[in-house]
1. Tell me, which residue of the stretch 126-140 that is open to solvent by 20 Å² or more (accessible area, probe 1.4 Å) and in contact (Cβ under 8 Å) with a residue 12 or more places away in the chain is farthest from L330 (Cα to Cα)?
2. Yes or no: A351 under 19 Å from the mean Cα position of the chain (by Cα), in the same structural domain as I429 (by TED's automatic domain parsing), modelled with pLDDT of 95 or more and within 16 Å of ligand 2 (Cβ to nearest atom)?
3. Name every residue in the stretch 154-169 that is under 19 Å from V117 (Cβ atoms) and either assigned to a helix (DSSP H, G or I) or aromatic (F, W, Y) (or both), in order of residue number.
4. Taking A47 and the conditions (1) within 27 Å of the chain's Cα centre (by Cα); (2) within 20 Å of G458 (Cα to Cα); (3) open to solvent by 60 Å² or more (accessible area, probe 1.4 Å), which numbered condition does it fall short on, given that it satisfies the others?
5. Residues that are buried (at least 23 other Cβ atoms within 10 Å of the Cβ): list the strands (runs of 3 or more DSSP E) wholly contained in the stretch 170-232 that include at least 3 such residues.
6. If only one of V117, V89 is away from ligand 1 (no atom under 16 Å from the Cβ) and either within 25 Å of T30 (Cβ to Cβ) or open to solvent by 10 Å² or more (accessible area, probe 1.4 Å) (or both), which one is it?
7. Conditions first: (1) at pLDDT 95 or above; (2) surrounded by 20 or more Cβ atoms within 10 Å (Cβ to Cβ); (3) of a type outside the set (F, W, Y); (4) in a loop (DSSP other than H, G, I, E, B). S143 passes all but one, so which condition is the exception?
8. Filter the stretch 142-193 for residues that are away from ligand 2 (no atom under 15 Å from the Cβ) and among the charged types (D, E, K, R); which is nearest to G384 (Cα to Cα)?
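The values are calculated or read from the model by the stated rules, or taken from the named source; none is laboratory data. Computed from a prediction, not measured in an experiment: that's the story for all the values here. Here the Cβ positions follow ideal geometry from the backbone for every residue, glycine too, while neighbour counts run over all protein chains shown. Just so you know, the surface numbers come from the protein's heavy atoms only, side chains and all, with ligands and any DNA or RNA stripped out. Shrake-Rupley method; radii C 1.70, N 1.55, O 1.52, S 1.80 Å.
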Amino acid sequence: MKSSTSLATALTPAHLRFLESLFPGEGLVTDPTQMAVYGADSSRRSAMPWAVVRPRTEEQVVELLTWAESERVPLVPRARGTGMSGGAVPAFGGVVVSSLWLNCVLDIDADDFCAEVEPGVVTAEFQALTQKQKLFYPPDPASLKISTLGGNVATCAGGMRAVKYGVTRDYVLGVRAVLPGGRIVNAGGRSHKNVVGLDLARLFVGSCGTLGIFTKLTLKLLPLPEGSATVLAAFPTLADALSGARGVFRAGILPTAMEFMDAKACWAVGQIKDVPWPKETQAVLVLKVDGSNASLAAELARLEVALAPAHPLCLFKGLGAQEEEPLWELRRLVSPAGFRLGPDKLGEDVAVPRGSTVQAVEGFQAMGAEQGVQVACYGHLGDGNIHVNIFYDASDADQRSRAQACKETVFRLTLSLGGTISGEHGTGITKGPYVSWQLGEEERALMAGIKNVFDPSGILNPGKGWS
Ligand code: 2HG
Ligand code: ZN
């Protein structure tokens, strides 16, 4: 594989002339103020792109990748920048390729139970369209109102419904992508089952723009459940909350969502919103079930019975979207409310085997106390996927290094429990340096070899790999 030292280090006047002719009018952005927006994402990291291009057609993408390969110009694919780990930040230079104008829903098919979309379609807008046909696209990253399907596929976005319905990977049937040199790959298709050849479509899922640029995605759909119901319960200890969650599984209930918030997360939400739980609350569970309207009241009652042995301090029920929404709002507020604990955060998304969640969360809380930084734990308990948000003041060098030390001990404990340093946000730049803590030499060499087949010159999203 050619090393990244053979890549261009800046755009020449001839490069800019090429981009101007391929992307006329507003298709090319070179104004620094506008470009700055395309150089940042939700990791709060940023870097200035060399230029930003906004293709409208696959033909433009093919020409761009043909040119970039021959000129060795790095390209950084990007959607709406909701990623939490800097995957779309051009930290190692290059031209940002925005998918925002490749945003057509091409087909939603209630017989095939699949849809074909361009990558720039906003996830929630797509879900609303599928619902009109009583179809369901389950992946629901917290950012779904502003994130795109292409970004979700590039990061294998998770979300709250993963415990029952799986993650983005489970809904990708096909990927059409353009590779360096302008080669077009059509991987997978509209069949829900397909075992011919290696699963190239899913190889693109979570590849963080390092293998190709998507031009079309074929997504699997399900029949839309008739309705849903929610329970929010508060507990006197974290262990009680987690034993309540175990009780739900043991009762044979597979909830659509099983979320938790620890004491610090609950405190932070209480700073910006009236909360229904009592002061002594140490943890909250929020659970959703879905199904037929006729069965939901009974499902709520089953949940209440399953949680009872864990002695909830209080329990609130919501039947149907209108009653459920205020309960879910409390969970969604944790991420923004967390900043009441400190002006800066290291936001981690580790995942551990489900049976290790108590040990993991108690360990993370203890690590925060040891380092003297505020640690709030919350998230997708049903998957063992825990958001460990470490809050600190970045203007204080001592706090910065303590927060960093805390992050590293969180990773060490996670790995010692057989977990992963990223369950849903990807490694990007914030976790890139820790990949070798988790992946062995053999696995990294295989990944580097695969990358080399797709992108032999290393022009796609340099610095964001796993080798
Ligand atoms: C969530 O589950 C998101 O709310 C965001 O994944 C987590 O802000 C975070 O760290
Ligand atoms: Zn999450």
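1. Only one residue fits best here, namely Q133.
2. Considered against the rule, which asks whether it is under 19 Å from the mean Cα position of the chain (by Cα), in the same structural domain as I429 (by TED's automatic domain parsing), modelled with pLDDT of 95 or more and within 16 Å of ligand 2 (Cβ to nearest atom), A351 comes out as yes.
3. Hits for the stretch 154-169 are A154, T155, Y165, T168, R169.
4. Exception for A47: condition (3).
5. Hits in the stretch 170-232: 172-179, 213-220.
6. Exactly one residue qualifies, and that residue is V89.
7. (1)
8. Here the answer is K164.
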